[in-house]
Structures are given as structure tokens and as C-alpha cells.
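Undergrad: Structure provided below as C-alpha cells; questions to follow.
Every read-out reported here was derived from the displayed coordinates using simple, explicitly stated rules and does not represent laboratory data. Just so it is clear, the model here is predicted, and its values are computed rather than measured. Positions of Cβ are backbone-derived with ideal geometry, glycine not excepted, and every protein chain shown enters the neighbour counts.
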Amino acid sequence: MKVVGIIGGPKNDGNTHKLVRAVLDGALDAGHTVVTWRLKDLYIGHLGHFADETLPPNDDFEKMQADLESMGALVIGSPVWYGHVDTRTFNFINRTYVYNKYYSEENAKKWPKAKAVNVLTYGQEDENAYNNILDWYKMIWDHYGMTESINLVAAGTGDNPVEKRKDLIKRAKEIGRSL
């Protein structure tokens, strides 16, 4: 199975990257194929609207589409900034609108009935502080007909970074192996 990793946030080796990487490493251990996209290395633009038509921008999203359309699982990781996912991840989610049946019935059929792993990292200590974001992800993935939505949260990463949390890394790898 192909597992597509989407890493939001700007850091080359930050908490989000390390946690998504651990899930993908678990998927590799299970024999899956892994493709990683780092949103900081791409330009993902904003959808436009003109004359009652939604217009996708000329951006790098098309480079990702073959992987998205052939995935069996999506691992999406984002740091939380100002109460929501970072802007790169938000733009990526908005760009998936081209797979929404309201945009194109034909494109909607291309989005696979895959599993989703939603990875959030943030400094707030409360593990439930951003459940609203996890609910938002689930609503989107349910709309696309994805089969399962698994959440992995790393709270308190400011004082307790991911690399020091062996239990969290172990859980991430277990999630990857279970895909």
C-alpha cells in the first residue's frame, strides 16, 4: 500500500516532522511504500472564484495529485499556531477541494477511500486543547469517504519535544505498522 506523508510547518527537523516521520517509518517496517511531501518545499496557492466558478491556482498541488489519488493512507502532520493548523497545511486542505463532489463529480471519484492519520504538535500542555482541529479533520475525511481517521497528538512540545518522548515515538511507529 502507498502511504502519503504530508508535513506542514517550516522546520526541517521539528516536532511535526519527527512525529510524521515515525508514523511513516512504522509503515515502512510493515512493508508499505512511503511518499513524503514537505509543504514548505512547495507552493500551494489559494482557490479563486470568478463568474460563479471555483478556480484552482497555478501551483505545485498538481505534483502531488498522482500520489494522493493512489494512496491507501494519508499521514498529515501540522503544528498548531494561533489555535489552528499552520497556513501551509490549511492551504493544502483547501486545495483538496478539487476532489469535492461539489467541484467535480469526476474528480471526487479519484480520491481514494484511504485511512487518515492526523498528527498535531503544539506547546499547550492539554492533550485535548485542540480537539476541534481533530474534529475538523474527521469532518473533511468523512466527506471524502475515507475509511478511518486516527489521531496522534503531541501536546507540550515546547518543554517536552518529540525526540525525548520514546512512548510517543513508539505509538507513532505502531500506528504506521497498523496501516
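Undergrad: Over what distance in Å are the Cα centres of the range 91-112 and the range 158-175 separated?
TA: Measuring centre to centre over Cα atoms gives 33 Å.
Undergrad: Neighbour counts of other C-beta atoms within 10 Å: give me Glu69, Glu127, Glu106 arranged from fewest to most.
TA: Ranking Glu69, Glu127, Glu106 by Cβ neighbours within 10 Å, fewest first, gives Glu106, Glu127, Glu69.
Undergrad: Which order, highest average first, do 159-169, 25-35 follow once you tally other Cβ atoms within 10 Å for each residue and take the mean per peptide?
TA: Highest-to-lowest ranking by the protection proxy: 25-35, 159-169.
Undergrad: Calculate, in nm to one decimal, what Ala30 and Phe50 gain on full extension: separation in residues at 0.36 nm each, minus their alpha carbon distance.
TA: Contour length minus Cα-Cα distance gives 2.6 nm.
Undergrad: How do the peptides 77-84, 94-101 rank, highest first, by the average count of neighbouring beta carbon atoms within 10 Å per residue?
TA: Highest to lowest by the protection proxy: 77-84, 94-101.
Undergrad: Below 8 Å, C-alpha to C-alpha, sequence gap of six or more: please give me the relative contact order for the range 38-179 in percent.
TA: After rounding, I find 21 percent.
Undergrad: Okay, moving on. Using the reciprocal of the averaged 1/r over all distinct C-alpha pairs, how large is the Kirkwood radius of the chain in Å?
TA: One over the average 1/r among Cα pairs gives 16.5 Å for the chain.
Undergrad: Fewest Cβ neighbours within 10 Å first, please rank Leu179, Leu42 accordingly.
TA: With the sparsest Cβ surroundings first, the list reads Leu42, Leu179.
Undergrad: In angstroms, what radius of gyration and Dmax does the range 89-179 have, counting Cα atoms only?
TA: Taking only Cα atoms of the range 89-179, I get Rg and Dmax of 15.3, 47 Å.
Undergrad: Here's a follow-up. Hey, rough spin-label estimate for Asn160 and Asp41, points 7 angstrom out along Cα→Cβ, what's it come to in nanometres?
TA: 3.2 nm
Undergrad: Would you calculate a helix-derived [θ] at 222 nm for the chain, using -39,500 (n - 2.57) for each DSSP H run of n ≥ 4 and dividing by the full residue count, to the nearest 500?
TA: Taking each H run of at least 4 residues, the total per residue is -10500 deg cm²/dmol.
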